[in-house]
Amino acid sequence: MSRVIRDIDRGVRTIDGIDLHLTELVWDDGGRSFEVRRTDTDADLTEDGCLDTWPTDEHLANLLRDHGGTWSCPGCEITIDSRQPDLIADHIRDCDAADRSAGRPA
């Protein structure tokens, strides 16, 4: 069974205003993977399985959305921390794409 022999701090990336800490894991069998955690809550967004490749911004946004705790605009797909309802309300009011989302006239 493989085990992690080294952690490499890959720094922080900000996605939709949320800071994410990336750690590269080096395994004793030569494999590498990436762990992603929110810096504000320390929630492990990769708890169901680490990433095999360096994540793109789009991949990180999907992790945030899938992990919960975020709201995604159905129009432009930006994600906002669900603990910030004022930002969500402002976005809904100001987002042109949100006005054209399903069920709303263009």
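The values are calculated or read from the model by the stated rules, or taken from the named source; none is laboratory data. All values reported here derive from a predicted model rather than from experimental measurement. Using ideal geometry, Cβ is built from the backbone for each residue, glycine included, and neighbour counts are taken over all protein chains shown.
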field: Residues (closer than 26 Å to W71 by Cβ and of a type in the set (D, E, K, R)) located in the range 1-55
entry: R13, D16, D19, E35, R37, R38, D40, D42, D44, E47, D48
- request: Output the number of the condition that S2 fails; it satisfies all remaining conditions of (1) in contact (Cβ under 8 Å) with a residue 40 or more places away in the chain; (2) outside the structural domain of C95 (by TED's automatic domain parsing).
  value: (1)
- request: Filter the range 23-51 down to the residues that are of a type in the set (D, E, K, R) and in contact with a Lys or Arg (Cβ under 8 Å, 6 or more places away or on another chain), then identify the one that is farthest from I80 (Cα to Cα).
  value: D28
- prompt: Picking from E35, E47, which residue would you name as being buried (at least 16 other Cβ atoms within 10 Å of the Cβ), outside the structural domain of R93 (by TED's automatic domain parsing) and among the acidic types (D, E)?
  reply: E35
query: Would you pick out the residues in the range 77-106 that are in a helix (DSSP H, G or I) and either surrounded by fewer than 13 Cβ atoms within 10 Å (Cβ to Cβ) or modelled with pLDDT under 80 (or both)?
result: P85, D86, A89, D90, R93, D94, D96, A97, A98, D99
- request: Within the range 24-71, track down each residue that is among the polar types (S, T, N, Q), under 12 Å from the mean Cα position of the chain (by Cα) and in a strand (DSSP E or B).
  value: T70
- request: Return a yes/no flag: does the range 11-22 have any residue that is under 23 Å from I80 (Cα atoms), assigned to a strand (DSSP E or B) and among the polar types (S, T, N, Q).
  value: yes
- line: Those residues of the range 41-95 that are of a type in the set (A, V, I, L, M) and in contact with a Ser or Thr (Cβ under 8 Å, 6 or more places away or on another chain) come to a total of 7
- line: Note on the range 1-25: residues exposed (fewer than 14 other Cβ atoms within 10 Å of the Cβ) and not charged (D, E, K, R) are M1, S2, I5, I8, G11, V12, T14, G17
